[in-house]
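Undergrad: If you scroll down you'll find the structure; I have some questions about it.
The values are calculated or read from the model by the stated rules, or taken from the named source; none is laboratory data. Keep in mind that this is a model prediction, so the values were computed, not measured. In this analysis, Cβ positions are derived from the backbone assuming ideal geometry, glycine residues included, and neighbour counts consider all displayed protein chains. All accessible areas refer to the heavy atoms of the entire protein, side chains included, with ligands and DNA or RNA removed. Shrake-Rupley method; radii C 1.70, N 1.55, O 1.52, S 1.80 Å.
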Amino acid sequence: MSVLASVLLDIGHWVVWVMGSAGLLGTVLPLWPQTYWWIRVCDFPRLQIVAILALALGATLAMPQPHTFMQSFFTASTAVALVYQFSRIWPYTPLHRKQVADATRPDDDEDYHISLLVTNVLMYNRDASRCLGHIRHYRPDVVLAVETDDWWLSQLKGIEETHPYTCHAPLPNTYGMLVFSRLPLENAQIRYILDPEIPSFHGCAVLPSGVRVTMHFLHPKPPAPQESKTSTRRDAELLVVGRIIQHHDGPTIVAGDLNDVAWSHTSELFRRLSRLLDPRIGRGLLPTFHADYRLLRWPLDHVFHSSHFRLQEIKRLTHIGSDHYPIYIRLSYEPNGWQEQEAQLEQPDEEDHEEATEKIQEGIEEADEENTQRTTR
């Protein structure tokens with residue numbers, strides 16, 4: 001082997017080791033039950049970690065390697081991590097059984113359908129035309145727009161002609177929320193569950209058939225150094241809503257930019273507590289963030305729903321100038337089949353209830369501490 005070939009092989013080994021080590025670190029860190037942002041962000045890029053691990057493992061097997069314990073351990077660890085990471089995302093591929101059945105009602109049966117358009121508009125985005133274009137084209141029953149300030153309210157206010165039932169909390173802090181509905185809303189209100197600066201919507205939409213659908217729309221802070229140093233309050237807000245839903249047997253929808261991925265431990269705990277379904281399971285990831293970077297995308301915008309619904313349509317819409325893609329979903333109210341769908345759900349155990357109680361208490365304490373600091377400044 002020439003000197004150049006030897007040098008290139010050594011460089012290749014180092015690149016493979018760095019890639020594999022990064023993939024292993026990204027696999028192991030989320031297993032640590034801590035809420036620090038630099039740990040929890042590793043929940044997000046599982047698809048990217050799968051790609052890194054697959055490349056590292058493939059290169060390791062293809063390149064000449066010294067037969068040492070460390071090399072064997074590295075190869076085996078990379079393979080185990082790859083299998084584990086893939087097992088976390090494979091439910092969100094067509095390889096998995098659909099958790100939500102396809103609708104059986106006719107598509108033109110308006111009395112028992114409800115459609116939503118969920119969009120994080122990016123507050124600093126000053127092009128509302130594409131968002132309005134989607135609303136005009138898809139004609140959703142309910143529009144949820146987050147990261148909305150007064151400018152966005154002024155731009156979207158025109159849809160009140162077709163969506164006269166509203167509940168708004170425009171804010172200049174990137175956490176504003178606007179709700180427009182063509183369906184009558186009952187008990188519609190904005191709540192601030194943990195943080196006085198983070199609104200959420202809670203109310204009931206009445207279908208033409210008279211069926212009442214409870215809706216909870218959320219947009220908690222993400223675990224990021226410029227937003228929140230931990231995921232504690234994000235997790236607590238989601239679990240508070242999960243606890244509320246746990247004691248409600250009627251048709252229910254939870255939607256929004258949850259700043260979490262569906263395969264995270266907290267999201268799975270939330271779905272066990274609330275007994276809600278994820279229509280993406282068995283269909284696809286529908287990654288909505290980041291809209292501008294194809295290789296750095298994961299699903300942050302969600303619509304979960306109770307077993308009373310089957311899926312008519314779900315799709316990720318085209319770019320609107322935001323860092324998020326919008327999601328459109330149309331659900332068919334078919335309560336006759338709810339037992340079959342609910343039978344697929346994993347039921348919460350005593351440990352789940354204890355963990356939820358602990359996480360909610362931690363979130364309340366962290367929020368109280370920050371609120372105290374805010375008022376004393």
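Undergrad: Given 155, 84, 134, which one lies farthest toward the positive end of the charge dipole of region 59-161, if we put +1 on the Cβ of every Lys and Arg and -1 on the Cβ of every Asp and Glu?
TA: Farthest towards the positive end: 84.
Undergrad: Given the C-alpha centroids of region 20-76 and region 227-248, what is the distance between them in whole angstrom?
TA: Distance between centres, Cα-based: 30 Å.
Undergrad: Ratio to report: Rg/Rh of the chain, with Cα atoms as the point set and Rh obtained by the Kirkwood method; give two decimals.
TA: So for the chain, dividing Rg by the Kirkwood Rh gives 1.02.
Undergrad: Across the Cα atoms of region 197-313, what radius of gyration and what greatest pairwise Cα-Cα distance (Dmax) are found, in Å?
TA: In order Rg, Dmax, the Cα atoms of region 197-313 give 14.7, 47 Å.
Undergrad: Quick check: pseudo-label points 7 Å beyond the Cα along Cα→Cβ at residue 336 and residue 157, how many nm apart are they?
TA: With each label point 7 Å from Cα toward Cβ, the separation is 4.7 nm.
Undergrad: Here's a follow-up. With an 8 Å Cα cut-off and a minimum separation of 6 or more residues, compute the relative contact order for region 183-260 in percent.
TA: 27 percent.
Undergrad: Quote the charge dipole size of the chain about the Cα centre in Debye, to the nearest 20; the model charges only the Cβ of Lys and Arg (+1) and of Asp and Glu (-1).
TA: 1100
Undergrad: Roughly speaking, what is the stretch gain from residue 32 to residue 319, that is 0.36 nm per residue apart minus the C-alpha to C-alpha distance, in nm to one decimal? Mind showing how you got there, number by number?
TA: Values: separation 287, 0.36 × 287 = 103.32 nm, distance 3.55 nm.
Once the chain is fully extended between residue 32 and residue 319, it gains 99.8 nm.
Undergrad: Tell me which DSSP H helices of the chain clear both cut-offs, 20 Å or more of axial length from alpha-carbon atoms and a mean Kyte-Doolittle hydropathy of at least -1.0.
TA: 3-28, 46-62, 69-89, 232-246
Undergrad: Based on Cβ point charges of +1 for Lys and Arg and -1 for Asp and Glu, what charge dipole magnitude is obtained for region 214-287 about its Cα centre, in debye rounded to the nearest 20? Intermediate values should be presented prior to the final figure.
TA: On the way: 10 positive and 8 negative charges, 17 e Å.
Approximately 80 debye in magnitude.
Undergrad: If R₀ is 45 angstrom, what is the calculated FRET efficiency for the pair residue 212 and residue 54, using the beta carbon separation as r and rounding to 0.05?
TA: The pair residue 212/residue 54 has a calculated efficiency of 0.45.
Undergrad: For a quick check of your reading of the filter: which chymotrypsin sites (Phe, Trp or Tyr not before Pro) in region 290-377 sit in a DSSP loop and have no more than 16 other Cβ atoms within 10 Å? Spell out each step's value before the answer.
TA: Details: sites: 293, 304, 309, 328, 333, 338; in loops: 293.
Answer in residue order: 293.
Undergrad: Determine how large the accessible area of residue 16 is when every protein chain is in place; take a 1.4 Å probe and give Å² rounded to the nearest 10.
TA: Roughly 10 Å² of residue 16 is accessible to a 1.4 Å probe.
Undergrad: Test of understanding: what is the full-extension gain from residue 368 to residue 109, defined as 0.36 nm times their sequence separation minus their Cα-Cα distance? Can you show the working numbers first?
TA: Numbers: separation 259, 0.36 × 259 = 93.24 nm, distance 4.75 nm.
The span from residue 368 to residue 109 would gain 88.5 nm if fully extended.
Undergrad: Taking one equal scatterer on every alpha-carbon of region 250-358, how large is log10 of I(q)/I(0) by Debye at q = 0.13, 0.21 1/Å?
TA: Result of the Debye calculation: -0.53, -1.16.
Undergrad: Considering Cα pairs under 8 angstrom that are at least six residues apart, work out the relative contact order of the chain and quote it in whole percent.
TA: Value for the chain: 19 percent.
Undergrad: How large is the convex hull of the Cα atoms of region 139-196 per residue, expressed in Å³ as a whole number?
TA: Hull volume normalised by residue count: 75 Å³.
Undergrad: Project the alpha carbons of region 310-377 onto their principal axes and report the range along each, largest first, in whole Å.
TA: Here the spans come out as 52, 44, 16 Å, largest first.
Undergrad: Add -39500 (n - 2.57) for each DSSP H run of 4 or more in the chain, then divide by its residues: what number comes out at 222 nm, to the nearest 500 deg cm²/dmol?
TA: About -12000 deg cm²/dmol.
Undergrad: Return the FRET efficiency for the residue pair residue 25, residue 68: r is the Cβ-Cβ distance, R0 is 25 Å, and the value is rounded to the nearest 0.05.
TA: 0.75
Undergrad: Can you list the residues, at least 5 places off or on another chain, whose amide H is less than 5 Å from the amide H of residue 177, using H built in the peptide plane?
TA: Here the answer is 148, 169, 171, since their amide H atoms fall under 5 Å of that of residue 177.
Undergrad: Let me ask you something else. Might you report the magnitude of the Cβ-based charge dipole of region 255-377 about its Cα centre, with Lys and Arg at +1 and Asp and Glu at -1, to the nearest 20 debye?
TA: 1080
Undergrad: Moving on. Please compute the per residue accessible area over the chain with all protein chains in place, 1.4 Å probe, rounded to a whole number of Å². If you can, show how the numbers build up before the last one.
TA: Working: 17100 Å² over 377 residues.
With the other protein chains kept in place, the chain gives 45 Å² per residue.
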